[in-house]
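Here's the structure we're looking at; comments come further down.
The values are calculated or read from the model by the stated rules, or taken from the named source; none is laboratory data. Values in this document were obtained by computation on a predicted structure and should not be read as measured data. For neighbour counting, all protein chains shown are included, and Cβ atoms are generated from backbone atoms with ideal geometry for every residue, glycine included.
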Amino acid sequence: LARNPGEAEFHQAVDEVFESLGPVVARHPGILESAVLERICEPERQIIFRVPWTDDQGRVHINRGFRVEFNSALGPYKGGLRFHPSVYLGIVKFLGFEQIFKNALTGMPIGGGKGGSDFDPSGRSDAEVMRFCQSFMTELYRHIGEYTDVPAGDIGVGGREIGYLFGQYKRITNRYESGVLTGKGLSWGGSLVRPEATGFGTVMFAQEMLRTRGQSFDGQTVLVSGSGNVAIHAIGRAQKLGATVVTASDSSGYVVDPDGIELDLLREVKEVERGRISEYAERRGGRARFIAKGSVWEVPGTVALPCATQNELDGSHAKKLLDHGVIAVAEGANMPTTAEATRLFQDAGVLFGPGKAANAGGVATSALEMQQNASRDSWTFEYTEERLARIMTSIHDDCAATAEEYGMPGNYVAGANITGLMKVAEAMMAQGLI
Ligand code: NDP
């Protein structure tokens, strides 16, 4: 705490991991002797920089840019960039810290990092977003590279932003280095399935959890929060498996659509027009309603997929969901469930898939994009999706087996933390005091 004052989200993420580690340290004393736990909490490098840019009226704005290169024991730093006004060092460090374990869980050769800016892209023109991205990359380019650090998207950073960032990287370095960023467009080095991967993967993970109890998505009433990249593809996948998804949200409120979210309309409003979620309810008509206050977690449902942002599902929401008979929760977003809510779900025997495991499909497919870039190849949708499905099943099985091995059967939080830590710790100890 004294070393990292005022970084509440980072403390929360570290606490959550450390709570699981008692039995690991008892069994592997080398972890304590080599100070792996102290080292893993200290980023290898953190970069904070000024991002000046001009708006369409010629006014000058100054934002702050971040890249936290947390851990490279398993491979080049890998993790997204977030553009949102709430971004500060504590958020970037929590995300970067979680990314270390998540990336280890995928079994791919990638380390952990994260970055972003307090820039708010909402309401900005394409030209403004482009100028911001170009200015951001004008500093970031010197810190990243195919073998060093490979950023991707996150909240506020999608295909448009990755395009502008890649263009500026190429222009400054005079290198067509496809593997420097992931989430690229298909015609210039992107991978099929990458846009869908996080949402699809979250549902695949939840499906594996449900299977352990002889259940599936078929016939479930599913609550999804958010209406961005992760939420949209989680909704699509859950619907394909026979579920009725009855909610979606954004920062202005949420919609309840008892007949099931009409995905094409949601995508038109949110992805094409970059509009507000209320417009979905207005155009959908029928029984769909927009509600400005409260949260999706007040709506009855059997499976909850939080896909918006950190700490969006707290203890009072968890109690509501339990009253309504929720049987499974899988985190599409990073740390959307507070510690109290997580405990309530676990105590009640609800299947709970933590983000580190449940949303790892995005970064895993980013690593598949890197593989395609390195071999100058591009794979079919079916092949890439099958690789993603295999990775998600194996993450699920590894977490379940580890939880069992350490005497906490069904505890996917402990399973994910311990599996991830052991992979990174072994590599760190083998590589000496780094
Ligand atoms: P997007 O920017 O595409 O969408 C984010 C969604 O969440 C939007 O609907 C947004 O609403 C809503 N949201 C964001 N902040 C808030 C807030 N403070 N309060 C209420 N709603 C909010 O981001 P993604 O879908 O990519 O990311 C969503 C989550 O998934 C994040 O936690 C991210 O870290 C995580 N994640 C993403 C991965 C990816 O591949 N993209 C990979 C793994 C995890 P509005 O439009 O009003 O801002």
* To do: Could you tell me whether any residue of the stretch 25-46 is under 19 Å from Val87 (Cα atoms), surrounded by 12 or more Cβ atoms within 10 Å (Cβ to Cβ), of a type outside the set (A, V, I, L, M) and at pLDDT below 95?
  => no
* Structure fact -> Among helices (runs of 4 or more DSSP H) completely within the stretch 1-99, the ones holding 2 or more residues that are among the aliphatic types (A, V, I, L, M) and more than 18 Å from the chain's Cα centre (by Cα) are 22-27, 30-33, 36-41
* **In the stretch 363-402, residue farthest from the ligand (Cβ to nearest atom) [restricted to those that are under 18 Å from Leu105 (Cβ atoms), in contact (Cβ under 8 Å) with a residue 24 or more places away in the chain and of a type in the set (Val, Ile, Thr)]** => Thr393
* Name the residue, out of Gly96, Gly145, that is buried (at least 24 other Cβ atoms within 10 Å of the Cβ) and either among the small types (Gly, Ala, Ser) or farther than 26 Å from Cys307 by Cα (or both). => Gly96
* **Gly123, sole failed condition from (1) closer than 17 Å to Phe83 by Cβ; (2) in the same structural domain as Pro52 (by TED's automatic domain parsing); (3) modelled with pLDDT of 95 or more** => (3)
* Can you find even one residue in the stretch 399-408 that is at pLDDT 95 or above and within 17 Å of Ile100 (Cβ to Cβ)? -> yes
* To do: For the stretch 345-362, indicate whether the set of residues that are within 9 Å of the ligand (Cβ to nearest atom) and part of a loop (DSSP other than H, G, I, E, B) is non-empty.
  => yes
* To do: Determine whether Val60 is within 16 Å of the ligand (Cβ to nearest atom) and closer than 20 Å to Met137 by Cβ.
  => no
* Asked: Only one of Arg376, Arg390 is among the basic types (Lys, Arg), surrounded by fewer than 18 Cβ atoms within 10 Å (Cβ to Cβ), in a loop (DSSP other than H, G, I, E, B) and out of contact with any strand residue (DSSP E or B) (no Cβ under 9 Å at 6 or more places or on another chain); which?
  -> Arg376
* Count, please, the residues in the stretch 69-88 that happen to be within 16 Å of the ligand (Cβ to nearest atom) and either among the polar types (S, T, N, Q) or farther than 20 Å from Arg142 by Cα (or both). => 5
* To do: Could you tell me whether Ile172 is assigned to a helix (DSSP H, G or I) and surrounded by fewer than 19 Cβ atoms within 10 Å (Cβ to Cβ)?
  => yes
